[in-house]
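> Here you go, one structure.
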């Protein structure tokens, strides 16, 4: 299926479609095909994420698609008051506009999993 999607993407990168010089029908077809392609890729990514993580609500997974390690603020799911790293260290959490945020860290091209904690994080 990935091969088919790749060919659809390549077809719709044709030199008449990108700058807008193709006929109206060409634009309409390209829009429909790219919308379907986008949904298929989203579904594939979702399936891959589900295969890499479990359905355990007591864990939060942070993914990093970049080629270098990354630290970033992560919005915690509703009802989660704090998270702890693999060593049990509770990460600081900050509230902003009703949401809780913690600074998550993930290795390059990888992910980190944090355990949710029902603690007062500072």
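The values are calculated or read from the model by the stated rules, or taken from the named source; none is laboratory data. Values in this document were obtained by computation on a predicted structure and should not be read as measured data. Note that we place each Cβ from the backbone using ideal geometry, even for glycine, and neighbour counts take in every protein chain shown.
> Which residue, of 40, 64, is in contact (Cβ under 8 Å) with a residue 12 or more places away in the chain and touching a helix residue (DSSP H, G or I) at 6+ places or on another chain (Cβ under 9 Å)? Walk me through how you get there before you give the answer.
Working: 64 fails: touching a helix residue (DSSP H, G or I) at 6+ places or on another chain (Cβ under 9 Å).
It is 40.
> State all residues of region 99-122 that are assigned to a loop (DSSP other than H, G, I, E, B) and modelled with pLDDT under 90; if no residue qualifies, say none.
118, 119, 120, 121, 122
> Could I ask something else about it? Can you name the residue in region 1-19 that is exposed (fewer than 11 other Cβ atoms within 10 Å of the Cβ) and in contact (Cβ under 8 Å) with a residue 24 or more places away in the chain and is also farthest from residue 45 (Cα to Cα) among such residues?
1
> Tell me, yes or no, whether region 43-53 has at least one residue that is free of Cβ contacts under 8 Å to residues at least 40 places away in the same chain, farther than 18 Å from residue 113 by Cα, in a helix (DSSP H, G or I) and touching a helix residue (DSSP H, G or I) at 6+ places or on another chain (Cβ under 8 Å).
no
A quick yes/no check of all residues on (1) in the same structural domain as residue 45 (by TED's automatic domain parsing); (2) closer than 23 Å to residue 52 by Cα; (3) within 16 Å of the chain's Cα centre (by Cα); (4) in contact (Cβ under 8 Å) with a residue 60 or more places away in the chain:
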| position | (1), (2), (3), (4) |
| --- | --- |
| 73 | no, yes, yes, no |
| 76 | no, yes, yes, no |
| 81 | no, no, no, no |
| 84 | no, yes, no, no |
| 98 | no, no, no, no |
| 109 | no, yes, yes, no |
